[in-house]
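In what follows, a structure is listed as C-alpha cells, so that the remarks can point back to it.
The values are calculated or read from the model by the stated rules, or taken from the named source; none is laboratory data. It should be emphasised that the depicted structure is a prediction, and the values quoted were computed from it without experimental measurement. All Cβ positions, glycine included, derive from the backbone under ideal geometry; neighbour counts span all protein chains shown. Please note that ligands, DNA and RNA were not included when accessible areas were found on the heavy atoms of the full protein model with its side chains. Shrake-Rupley method; radii C 1.70, N 1.55, O 1.52, S 1.80 Å.
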Amino acid sequence: MGSRLLSDTSNQSASLDGQWFVLAAAVLWGTTGTAQAFAPIGAQPAAIGAVRLAIGGLALLILAHLRGALRRGGRWPKVQTGLAAASMAAYQPLFFAGVARTGVAVGTIVAIGSAPILAGGLGYIFRKERPGPKWMGSTLLAIFGCALIFLPRRNVQVDERGFLLALGAGVCYAAYAVASKELLEDKPPDAVVAVVFCLSALILAPLLFTTDLKWLLQPRGLGVALHLGLIATAAAYVLFARGLTQIPVASAVTFSLAEPLTAGMLGLAVLGEQFTLAISLGIALVFGGLALLSMNAGRGLGGKQ
C-alpha cells in the first residue's frame, strides 16, 4: 500500500513537472510574433522560419554534444525521425503561407487551435493514449479563449486555400509531437531535438539561398534572428521535449495553447494593441482551460490503455 502511494505521488510530481516544462516552452514560443514585428523591412516570413531553424538546430546540436546526449548507442528509427523532422520543416512554410492568405487571426486559430484535437486523435491511433473528457473540455475552453483573443482585433477574412494551409500546419505540429514522443522513449530529450531540428534545417536550407538575407546584416535583424533561434526555438523545444517525456501527447499540445495567450498579452503590452472585453474573456477562458487540465496532476490527463 505504501509503495503504491509513493508511486502515485511520484507520478503526480512528474506530471506537474512536465506541465510546467511545456507551459514554459509555450511562453517562449509566444514571443515569436512580437519578435517578428521588430524584424527589418524585407525579412520574408519563409526566410525568417528557415533562419530560425538553422540557428536553433546548430545551438541544439552544440548543446547535445556538450551534454554527451549524442553518445548513446543504438540506431535512430528512420520513420519516426524522418516524420518528426519533415513535420517541423513543413510546419514553417505552411503556417506562414496560411497566415498570408487568410490573415493572422484565422491562420493562427486554425493552425494552433486544431493541433490539440489532431494530437489527441493521432495519440489515440498510434499510441493508444486515451485523453479523457477532462482533456476535451479544457481543450475546447482554451481554443475558444484563443479565438476571442485574436479574432475581434484582426481583419478577419476566410480563404479556402489559406484555411487548408493553416490546417496542414496544425497536422504537422501534431505529427511532430507524436513522432517525438516515440523517439523520447529511447533517446534523451537533448539528442532528439538536436537531431530533429538539424534535419529540419537541412530540409529548409534551400530557402537560405533563394531569399534576400540582407536584413540579417542589420543589428536589429540579427537580434531578432538570434532570439527566434536561441530562445523561441532551441530553449523552447528543449523544454517541450522534457515535458513531453512526462505527460501524454494530447495534454502537452493543449498546454502549448499558452503560446497564443502569451502572444496576445505581449501584443497588448508591447505592441500597444487595444484591450477589449472579448480579449479579457478570452484570456480568462484560456487560463481556465489550462487550470482545469492541470487539476489532479497525474490523473485524467490521459495514458495508454
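For the reader, a short list of remarks on this structure follows.
- Scattering profile of segment 115-222 at q = 0.22, 0.23 Å⁻¹ [log10 I(q)/I(0), Debye over alpha-carbon scatterers]: -1.19, -1.21
- Annotated for the chain: lysine pairs at least 8 residues apart or interchain, Cα distance under 14 Å, count 4.
- For segment 214-267 versus segment 73-90, the inter-centroid distance based on Cα atoms is 20 Å.
- The reciprocal of the average 1/r between distinct C-alpha atoms defines the Kirkwood hydrodynamic radius, which for segment 59-191 equals 16.3 Å.
- Candidate membrane-span-like segments in the chain, meaning DSSP H helices with Cα atoms spread over at least 18 Å of their own axis and a Kyte-Doolittle mean of -0.5 or above, are 2-29, 45-66, 78-102, 104-127, 133-150, 160-184, 189-210, 277-294, with no membrane implied.
- For the chain, built as a Gaussian network whose Cα springs stay under 10 Å, the top-fluctuating residue of ALA46, ALA142, ALA169: ALA46
- Accessible area in square angstrom per residue, the chain, 1.4 angstrom probe: 46
- Computed over protein heavy atoms with a 1.4 Å probe, the carbon and sulfur contribution to the accessible area of the chain reaches 67%.
- Projecting label points 7 angstrom from Cα along Cα→Cβ for ALA291 and ARG67 puts them 3.2 nm apart.
- Sorted largest first, the spans of the alpha carbon positions of segment 156-283 along the three principal axes are 47, 39, 31 Å.
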